[in-house]
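Below: the structure, in structure tokens.
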Amino acid sequence: MKLLFDHHLSPALVNRLQDLYPNSNHVYRLGLDQVADTEIWAYAKREDFLIVTKDADFSDLGLVRGFPPKIIWIRRGNCKTADMEAIL
């Protein structure tokens with residue numbers, strides 16, 4: 001399982017979780033941090049990623065477009081990267 005982290009999450013999570021989720025990536029590293037959510041959705045679907053986000057927009061896209069990609073919607077307020085790492 002490879003994860004695609006949305007721009008609301010730290011790019012450091014890619015390296016910190018590499019042992020559990022190899023080949024994961026972050027939208028910033030892919031140059032997708034300034035594109036529409038629909039483009040991120042299409043990329044994740046094409047490249048077989050699960051989207052990890054704190055944004056309800058991807059959940060809404062999932063309701064409209066179906067799956068894949070699957071969405072991991074983290075519904076937690078501001079927290080440290082280490083906290084997010086522990087959650088995942």
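If you filter the stretch 44-69 down to residues that are surrounded by fewer than 12 Cβ atoms within 10 Å (Cβ to Cβ) and outside any helix (DSSP H, G or I), you find that the one that is farthest from the chain's Cα centre (by Cα) is GLY66.
Out of all the residues in the stretch 63-81, which are out of contact with any Lys or Arg (no Cβ under 8 Å at 6 or more places or on another chain) and either over 16 Å from TYR21 (Cα atoms) or modelled with pLDDT under 90 (or both)? Within the stretch 63-81, LEU63, VAL64, ARG65, GLY66, PHE67, GLY77, ASN78, CYS79, LYS80 qualify. The residues in the stretch 70-88 that are charged (D, E, K, R), part of a helix (DSSP H, G or I) and either free of Cβ contacts under 8 Å to residues at least 60 places away in the same chain or in contact with a strand residue (DSSP E or B) (Cβ under 9 Å, 6 or more places away or on another chain) (or both) can be counted, and the count is 1.
Residues in the stretch 1-42 that are acidic (Asp, Glu) and surrounded by 12 or more Cβ atoms within 10 Å (Cβ to Cβ): ASP6, ASP33, ASP37, GLU39. Flag: ASP48 matches the condition of being at positive phi and at pLDDT 90 or above.
The values are calculated or read from the model by the stated rules, or taken from the named source; none is laboratory data. Note that the coordinates shown come from a computational prediction; the quantities given were computed from them, not determined experimentally. Every residue, glycine as well, gets a Cβ built from its backbone with ideal geometry; the counts of neighbours run over all protein chains shown.
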